[in-house]
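Structure record follows, encoded as structure tokens.
We did not get these values from a lab; they are worked out from the coordinates using the rules stated. It should be emphasised that the depicted structure is a prediction, and the values quoted were computed from it without experimental measurement. Backbone-built Cβ (ideal geometry, glycine too); neighbour counts: all protein chains shown.
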Amino acid sequence: MTPLRLTLAYALDLVAGDPQWLPHPVRIFGKLIQAGERWLRPRARTPGAELVAGATLTASVVSLAWMCGHPRAAGWQISLAWTTLATRNLLDESRSVIRAMEAADLVLARRRLARIVGRDTADLNETEIARAVIETLAESACDGIVAPLFWLAAGGVPAAMAYKAINTLDSMIGHREPRYLYFGRVAARVDDAANFFPARLTALAIAAAADVHRLNGTRSLAIWRRDGHRHASPNAGRSEAAMAGALGVRLGGTNFYDGRAHHGAILYSEGRPATIHDAKRAVKIVATVSALAFGAALLVLARKRR
């Protein structure tokens, strides 16, 4: 990956986002994972066999993704790098929820929120919608922006494509529910490893962005250090805790998935409830995080070339 190719890919993401007509690799990975699960799961009749089957599926999809990134034609590399980034899409989707909230249309806000979160949204009030937007912005700042840029700088397009495959596997089969307890365990652990450094870099970038926007970067760092490990995910809690501290709001707690309550840790428990204004500030923070991460990736690539 060269600095110029990364710049063009990043610019394409900012300008075009994720067009629905584009055969996005993540959608292709999703179909491969579904097909692999349908073929492998019936053949796995014990927990050990499920573990092996899930590991086989994970290794196969990640290997294919890695190989797809190897052709060195400039257009191919730029196009694939573009598809790994999600700054425009994340910000646009979050703003669409905020606009509906500002228009006092909670029904529309809930419907738009459902496009970017996995939790049930039908009964959320304004505070819960704002919290969900902020939490999604914080977590997706890693998955959709910082981590892809990290892997593009560290290992080029093959590494970034492998990362997106890992991330897709985790979102589809890496759940802590009986169905995927063994089958998705390897995918979940590989995702934890792939996000270890990006998650912490995202938390640092959120704190830096908070200072840029005259918020509380010092508190952001302090709440990250204090509460980041309390989240069920070893990585998602880092950026969410940093965002909670930056905004001064309370994040985490109880969410419903398919009608069932999941009780998560409270991040920055002494913070106030989230508001629309906080969600708007979170959008600004993540936009700045994206710019900081892009600049850092460019510096790494430039240094490598020297």
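Miscellaneous remarks
- Neighbour counting of Cβ atoms within 10 Å sorts the residues His263, His213, His24, fewest neighbours leading, into His263, His213, His24.
- Largest first and in whole Å, the equivalent-ellipsoid semi-axes of segment 192-306 read 26, 17, 12, each the square root of five times a Cα gyration tensor eigenvalue.
- Solvent-free Debye scattering, log10 I(q)/I(0), computed from the Cα coordinates of segment 100-140 at q = 0.15 Å⁻¹: -0.28
- Residues Ile266, Ile134, Ile129 in ascending order of nearby Cβ atoms (within 10 Å, fewest first): Ile266, Ile129, Ile134.
- R0 of 35 Å, Cβ-Cβ distance Thr2-Lys284: FRET efficiency to nearest 0.05: 0.70
- Inter-probe distance in nm under a simple model that places probes 7 Å from Cα toward Cβ, at Thr218 and Asp258: 4.7
- Loop trypsin sites (Lys or Arg not before Pro), segment 36-116, which have at most 11 other Cβ atoms in a 10 Å radius of their Cβ (DSSP): Arg45, Arg72, Arg115
- Screening the chain for DSSP H helices whose Cα atoms reach 30 Å or more along their own axis and whose mean Kyte hydropathy is at least -1.0 gives 47-68, 276-305.
- FRET efficiency for the Arg99 to His229 pair, using the beta carbon distance and R₀ = 51 Å, is estimated at 0.90.
- Cβ charges +1 (Lys, Arg) and -1 (Asp, Glu), total dipole of the chain, debye: 700
- Taking only the Cα atoms of the chain, the ratio Rg/Rh comes out at 0.96, with Rh defined as the Kirkwood radius.
- Panel order for Lys304, Lys280, by other beta carbons found within 10 Å of each beta carbon, from fewest to most: Lys304, Lys280.
- Charge-dipole axis of segment 3-305 as Lys and Arg at +1 and Asp and Glu at -1 on Cβ define it, positive-most pick from Ala138, Thr58, Asn216: Thr58
- Kirkwood-type radius of segment 102-185, with distances r between different C-alpha atoms, in Å: 14.9
- Helical runs (DSSP H, four residues minimum) scored at -39500 (n - 2.57) apiece and divided by the length of the chain put the mean residue ellipticity at 222 nm at -23000 deg cm²/dmol.
- In terms of its Cα atoms, segment 135-257 spans 44, 37, 19 Å along the principal axes, sorted from long to short.
- Nearest-0.05 FRET efficiency for Met67 and Lys304, computed from C-beta distance (R0 22 Å): 0.50
- Think of each Lys and Arg Cβ as +1 and each Asp and Glu Cβ as -1; about the Cα centre, that makes the dipole of segment 175-239 roughly 160 debye.
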